[in-house]
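What follows draws every value from the coordinates through simple rules; no lab data is involved. Keep in mind the model is a prediction, meaning the values are calculated, not measured. In this analysis, Cβ positions are derived from the backbone assuming ideal geometry, glycine residues included, and neighbour counts consider all displayed protein chains.
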Amino acid sequence: MKDRIKDLSGFLLKIWRHPKGRVGAVLIALLIFTAILAPLIAPYDPYDVTARSEKGLAPSLSHLLGTTITTGQDIFSMLIYGTRVSLLVGVVSGLSIAFLGAILGVISGFLGKWADMLIMRLVDVMLVIPTLPLTIVLTNLFGKSYGLIIFIFTLFGWTGLARVVRSQVLIIKKSTYVKAAQLAGASDFHIMFRHILPGVSHLLIMNTALTSAGIMVAEAGLSFLGLGDPTAISWGKMLAEAQSGGALLFGHWWWILAPGIGIFVSVFAFMRLGLALEEIFNPRMRRTSSIRKLWKSMNGAYLQDVFHSMDEEPVPVLQKERVAVRE
Amino acid sequence: MSEKILDIKNLKVIFPASSNVIRAVEGIDLTVDKGQCVAIVGESGCGKSVTSMAIMRLLETPPALIQTDALTFDGKELTALSQKEMQNIRGRDISLIFQDALTALNPVMTIGHQLDEVYIRHEKLKKKQAKCKSVESLRLVGVPDPERRYHDYPHQLSGGLRQRVLIAMAFALNPKLMIADEPTTALDVTIQAQVLDLLKIMQKAHKTSLILITHDLSVVSYMADVVYIMYAGKIVEKSPLKPLLRAPLHPYTEGLLASVPGLSGTNGRFIQIPDAVPDPANKPEGCYFHPRCRYCTEQCKTQKPRLTEAGHGRLVRCWYPLGRKEEV
Amino acid sequence: MGEPLILAANLSVDFPVRGALGKKKKVHAVSDVSLTIEKGKTFGLVGESGCGKTTLANLLLGLVKPDAGSILFDGKEITDISQKQLKIVRRDMQMIFQDPLSSLNPRFNIFRIISEPLFIRGGYTRKQMEARVLELLELVGLPASSLHRYPSDFSGGQRQRIGIARALALNPKFLVCDEPVSALDVSVHAQILNLLMDLQKELSITYLFISHNLAVVRDICQSVAVMYLGKVVETGNAQTIFDHPVHPYTQSLLSAVLDVDADNKRERIILQGDIPSPIDLPTGCRFHTRCPNARPECAIHSPELREIESHHRAACY
């Protein structure tokens, strides 16, 4: 247990030390903070559509990002509340994809045979189903809700991860350290929980961060199309309202910019974290650009010194008689 | 005195990494004469492969930084050439044989096609002529039934045959210099003997100079004229083959020779070199070999020995070379 | 002649493979192999890649079930016992691998790696495990400070020592060494081989030493079997085989080993051609396609192992 805590804190420290990781972590913490404390931070009730006198205000100290033209809602407060939907859908879908992908990938790789056949064929089938039309059909059938959207994302999102997990499981299964454990009498259960699951965990963590980012964009898209929960405030829906409410017509750029920034910042945060995790787990991913940067920081004179330190004086010639070949 | 084909002076390669600088090659001089076989011997991380990559200018910057006083091949200064000119030299004048023939061959092209490609690109031959030449060169390296094998893909061949195809490709344009990086390490013993024989015959027939990079002194003893022993990025001994085998001057060479178990050996303990090759980012003070050397003195721990002339064309980097032990 | 630890008789195993056009074919990995491994001795298994030596080792370890034949391990028949019983028998067997890096889980620290067999066996407290691991580390010559470091912090030779420590954790009687030095630096070979020999003396373990390096086998093995395409072609006392090889394959293997001796250039027999595929075996003697002194009858009849002298048998006319 003590080891686990040490491992975990070491891992968190690594993220913190990584420049991309730190940016991602700080931004995500801010987003979570905003989402939870939205009622405290937001200056107005974003659902309040009764303030008829304050329609279409430009940004000012009392309304930081102005108000909507159609209903007079406070845009800044809407932006803050939008964080909730975006984070919720992104993170919950990311986690459930990781869960489903891990289970199916591990089963496929570890059991092999018919289970593998079945799951891999299922992956092939999932890849050719057109997602958007199906989503429209399903929302019409079951009503619009974010639960349904999370379900759909999960249903279609696990395939790629399952494949990656499967191939990693196959590598671990064939490794000689698993053979050594089997020789010592290890059960399948032991191999599964001591070797295979820890061996794919880094894929899962990394994948969760990256897919969450992708799903946030997709969620904004669906909400924009009006497929999200009509009662909730989300950035995608804000964009749609801005468009239909004439933000472009009246030049109210802040109405469009606000949700845009929200989407950008949250996707950016999760992408940063995902990329940082990728580089932490796989040091070879470090691009040459980062090495160039490193060189610049090392300064040329130092590298020249390194070269010079290897130099030697010219080879002195020994006196001949001192040289004797050993018999 | 025979003609020099390759002359390297003071070649240094470093890899600046995040915490410290890896000194892969620390200023080595190396010359290869026409038709000569020069062996570079050393263990993992000694810089032997990096040296060969530096000669071919295949090291990318970053991650590597290279500095050299001279890198002269056949009268031309290689460092002054453009990438394009260098590409012409690679393949036509210098060719490479790798340890792993499977990764060196294109898996989706037949071996015949790949050989043709070499002739077409460098000798501007027509497709038909190229095919004749390819089949002929396959026959020359002892590929059985070359007309049929011509249409095979690399994965259809055994390891030994693949290595033969690679040799055929390497010799296709009659290069002046051949660099063979562990050419037989991945092969079985009986096949290894075949391939080494072939390499030797081809080298003599084409009068090619050969740089043989290996960790295996028994391969060296079969092929080489001159041997360079490298340790932790430096040359520790240079010598013609026979004197080296008879009387090594550097304790490391002695240890290497002792750890090749000969068939005439007795049923006893093996003579061992303690410890392991130093981490290239963290080399010891003084002589790099001192922590593993059984003759180590105080001087060895603090002062770096220089490469010193030892007569008969031999060089050694040691404060107390072995032949002179009794006198000191 | 010492007491036998392993008595294997007429072992054969084929693996089905799907050839081109979906035709079902068989790989004849091991055919009709019999051998005796004596207690406390080192038995060398020599052959080139694909000759079936790894499959044979897996058979002896009970990881692969033979199609025919029997294996007596310490007097017990192990080919037809249940998985559960096999697990108990297997506690006396362990293996060290060719590539020490891939045989250690990179996510485990040294304590977890070496204590894993103890953990699997169960019934040890954390303190007991720690004590045992420290004892093992000392046995293989690694500092106690290694305990909480990871495999990537160690050199090839040290990693192999870790692998040996793990193999010894349950006090095995039988240890399979699958090319234990061929992935290591030359200057480290001697250290590991000496360590293995010292451990044998100290703990009286029986080794099956798999290698393609004849010179190493000669120096540390008492008995040797030479395999070619799934068959044992020559077996017996190591000294005798290396001094007077009878089978032409053994002879050519020996001559293919390059010596570092500068003057004494022995006459070398260089075999022609490649090793045939174990799917389409040559008729008759499996070696006749490459044999320098093959005769017509070699292509028709397969020779049996014959006694040449005591403790020395070969399969050749």
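Against the longest principal axis of chain A, how steep is helix A:113-128, in degrees 0 to 90 to the nearest 10, with axes from Cα atoms?
Value to nearest ten degrees: 50.
Using just the helices of chain A, give the 222 nm mean residue ellipticity in deg cm²/dmol: DSSP H runs with n ≥ 4 each add -39,500 (n - 2.57), and the total is spread over all residues, rounded to 500. Numbers along the way, then the final one.
On the way: 13 runs with 228 residues, N = 327.
Roughly -23500 deg cm²/dmol at 222 nm, from the helical runs in chain A.
Among C:193, B:256, what is the fewest-to-most ranking by other Cβ atoms within 10 Å? The partial results should precede the final answer.
Working: C:193 22, B:256 26.
By the 10 Å Cβ count, ascending, the order reads C:193, B:256.
In chain B, if the dipole is taken from +1 on Lys/Arg beta carbons and -1 on Asp/Glu beta carbons about the Cα centre, which of B:227, B:295, B:169 is farthest to the positive end?
B:169
May I ask what percent, to the nearest 5, of DSSP beta bridges between residues of the protein assembly as shown are antiparallel? Intermediate results must be reported in sequence, preceding the final value.
Values: 61 of 98 bridges.
If we restrict to bridges inside the protein assembly as shown, about 60 percent are antiparallel.
How far is helix B:111-123 tilted, in degrees, relative to the longest principal axis of the Cα atoms in chain B, given as a value from 0 to 90 rounded to the nearest 10?
The angle comes out near 90 degrees.
Tell me, what is the percent relative contact order of chain B, built from C-alpha pairs under 8 Å that lie six or more residues apart? Don't jump to the answer; show the numbers that get you there.
Details: 584 pairs, mean separation 67.5, N = 328.
Once normalised by length, the contact order is 21 percent.
Please identify the DSSP H helices in chain C that span no less than 24 Å along the helix axis (Cα) and have a mean Kyte-Doolittle hydropathy of 0.5 or more. Walk me through the numbers on the way to the answer.
Values: long enough: C:186-203 (26 Å, 0.57).
Membrane-span-like by this criterion, though nothing is claimed about a membrane: C:186-203.
Residue B:297 versus residue B:242, label points 7 Å from Cα toward the beta carbon: distance in nm?
Label at residue B:297, label at residue B:242, 3.2 nm between them.
Among bridges DSSP assigns within chain B, what percent are antiparallel (round to 5)?
Values: 30 of 49 bridges.
Among the beta bridges of chain B, antiparallel pairing accounts for roughly 60 percent.
Can you list the residues, at least 5 places off or on another chain, whose amide H is less than 5 Å from the amide H of residue C:96, using H built in the peptide plane?
For residue C:96, whose amide H was placed from the backbone, the distant partners under 5 Å are C:176, C:177, C:178.
For n ≥ 4 DSSP H runs only, could you compute -39500 (n - 2.57) per run for chain B, divide by its residues and tell me the 222 nm figure to the nearest 500? Numbers along the way, then the final one.
Working: 12 runs with 111 residues, N = 328.
Counting only the DSSP helices, I get -9500 deg cm²/dmol.
Run the helix sum for chain C: -39,500 (n - 2.57) per DSSP H stretch of 4+ residues, divided by residue count, reported at 222 nm to the nearest 500 deg cm²/dmol.
On the way: 9 runs with 95 residues, N = 317.
The per-residue figure over chain C is -9000 deg cm²/dmol.
Relative to the longest principal axis of chain A, what angle (0 to 90°, nearest 10) does the C-alpha long axis of helix A:197-224 take?
In chain A, helix A:197-224 runs at an angle near 30 degrees to the longest axis.
Using a Gaussian network model on chain A with a 10 Å cutoff between Cα atoms, which of A:86, A:167, A:60 fluctuates the most?
Greatest mean-square fluctuation among the candidates belongs to A:60.
Rounded, prolate or oblate, given the Cα gyration tensor of chain A, with a/c below 1.5 counting as rounded? Present the calculation step by step, with values, prior to reporting the outcome.
Numbers: a/c = 3.01, a/b = 1.55, b/c = 1.95.
Taking the square roots of the gyration eigenvalues as a ≥ b ≥ c, chain A is oblate.
When DSSP beta bridges are limited to those with both residues in chain C, what percentage is antiparallel, rounded to the nearest 5?
On the way: 30 of 48 bridges.
Percentage antiparallel, nearest 5: 60.
Note down the relative contact order for chain C as a percent, whole number, built from C-alpha pairs under 8 angstrom at least six residues apart. Mind showing how you got there, number by number?
On the way: 558 pairs, mean separation 63.2, N = 317.
Reported as a whole number, the value is 20 percent.
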